[in-house]
Amino acid sequence: MPGPGPPRWPEARGVSVWVNCACSLDGRLAFAEGVRARLSSPEDLARVQRLRAGSDGILVGVGTVVQDDPSLRVHWDRIGARPGRDPARIVVDGSGRTPTGARVLDGSIPTIVATSERARRAFPPAVRTVVVGSARVDLARLFERLPELGIRRVLVEGGAGILASVLRGGLFHRLTVYYAPVVIGGSTAPPMVAGGEAAGPADLVTLRLAGTTPMGDGYVAEYRPDGPALGRRPG
């Protein structure tokens, strides 16, 4: 269960993958058209910073970089800790869309851009480029490569496309969701999980609820995969 102390990461033979996000009660990650919504309570923000501090790498998709321009740093002041080592930033960008001026490319923190063979983009020398996949990034192959780069604990923070790929692919060990006590609604606010439709029970991602924790005005729900982690699901 997530608590005030350091998070207990799941043990794994290769890379340990922890998915975390905050959403409204109706499962939306942001406002209409993807405009950023600050859904986490102060208590949850501190929890997220503890998660970041305990990770080796923070992974987001290029859509999150384009929309929000995050720094992906640990905000040590939120957890009352002296500044320490920041985890590496991992950007999944299969087509080379990361803006030149994005904060993830500023060279202040080790950064990895996972891309595909079709991308022709050249990134700054301080950025490590990992090619995994022909037309798009193969996340399973990326996770296999990360331990070689000294990254064994990966915190996946989104957005909706990355969450869909990781969850539908069974490429995770733990999922925590902070549910804010709000409803966003509408048709253009991004859902927690994007991607294809579930046509029936065979398309569902089934999880086991490990527990819930009240946090500020909302609560955190923790889930585990209902089956082997980091294994591909049918289809």
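The values are calculated or read from the model by the stated rules, or taken from the named source; none is laboratory data. What you are looking at is a predicted structure, and each value in this text was computed from that prediction instead of being measured. Every residue, glycine among them, receives a Cβ derived from its backbone with ideal geometry; neighbour counts consider all protein chains shown.
If Arg208 passes every condition in (1) touching a Phe, Trp or Tyr at 6+ places or on another chain (Cβ under 9 Å); (2) closer than 25 Å to Ser55 by Cα; (3) surrounded by 12 or more Cβ atoms within 10 Å (Cβ to Cβ) but one, which one does it miss?
Of the numbered conditions (1) touching a Phe, Trp or Tyr at 6+ places or on another chain (Cβ under 9 Å); (2) closer than 25 Å to Ser55 by Cα; (3) surrounded by 12 or more Cβ atoms within 10 Å (Cβ to Cβ), the odd one out for Arg208 is (3).
Among the residues of the stretch 62-90, which ones are basic (Lys, Arg) and within 11 Å of Ser108 (Cα to Cα)?
Arg73, Arg89
When you scan the stretch 58-66, do you find a residue that is modelled with pLDDT of 95 or more and farther than 19 Å from Pro191 by Cα, even just one?
yes
Could you check the stretch 51-87 and list, in sequence order, the residues that are part of a helix (DSSP H, G or I), touching a residue at least 60 places away in the same chain (Cβ under 8 Å) and not hydroxyl-bearing (Ser, Thr, Tyr)?
Passing the criteria: Leu51, Arg52, Gly63, Gln67.
Which pairs do you get when a residue that is surrounded by 14 or more Cβ atoms within 10 Å (Cβ to Cβ), found in the stretch 28-47, comes within reach of a residue that is in a loop (DSSP other than H, G, I, E, B) and acidic (Asp, Glu), reach meaning Cβ atoms under 6 angstrom, with the pair 6+ apart or on two chains?
Ser41/Asp217
Taking Ala119, is it at pLDDT below 95, crowded, with 19+ Cβ neighbours inside 10 Å and more than 19 Å from the chain's Cα centre (by Cα)?
yes
Just to confirm my filter: which strands (runs of 3 or more DSSP E) fall fully inside the stretch 107-203 and include at least 3 residues that are in contact with a Ser or Thr (Cβ under 7 Å, 6 or more places away or on another chain) and closer than 22 Å to Pro228 by Cα?
Strands (runs of 3 or more DSSP E) meeting the threshold: 153-158.
Within the stretch 133-178, restricting attention to residues that are among the hydroxyl-bearing types (Ser, Thr, Tyr) and buried (at least 22 other Cβ atoms within 10 Å of the Cβ), which residue is nearest to Ser40 (Cα to Cα)? Please lay out each step first, then the result.
At the first step, the residues of the stretch 133-178 found to be among the hydroxyl-bearing types (Ser, Thr, Tyr) are 134, 165, 176, 178.
Add one more test, that the residue is buried (at least 22 other Cβ atoms within 10 Å of the Cβ), and what stays is 176, 178.
On the way: Thr176: 13, Tyr178: 7 Å.
Ranking the candidates gives Tyr178 first.
Being aliphatic (A, V, I, L, M) and within 17 Å of Val156 (Cβ to Cβ) narrows it down to one of Val66, Val17, so name that one. Walk me through how you get there before you give the answer.
Numbers: Val66 fails: within 17 Å of Val156 (Cβ to Cβ).
Of Val66, Val17, the one residue that is aliphatic (A, V, I, L, M) and within 17 Å of Val156 (Cβ to Cβ) is Val17.
Quick one: how many residues across the stretch 61-116 are surrounded by fewer than 15 Cβ atoms within 10 Å (Cβ to Cβ) and within 17 Å of Arg47 (Cα to Cα)?
Result for the stretch 61-116: 6.
Go through (1) aliphatic (A, V, I, L, M); (2) at pLDDT 95 or above; (3) under 26 Å from Arg85 (Cβ atoms) and name the single condition Ala126 misses.
It is condition (2) that Ala126 fails.
Suppose we filter Arg103, Arg97, Arg78 for residues that are among the basic types (Lys, Arg) and under 17 Å from Arg50 (Cα atoms); which single one remains?
Criteria check complete, one pass: Arg78.
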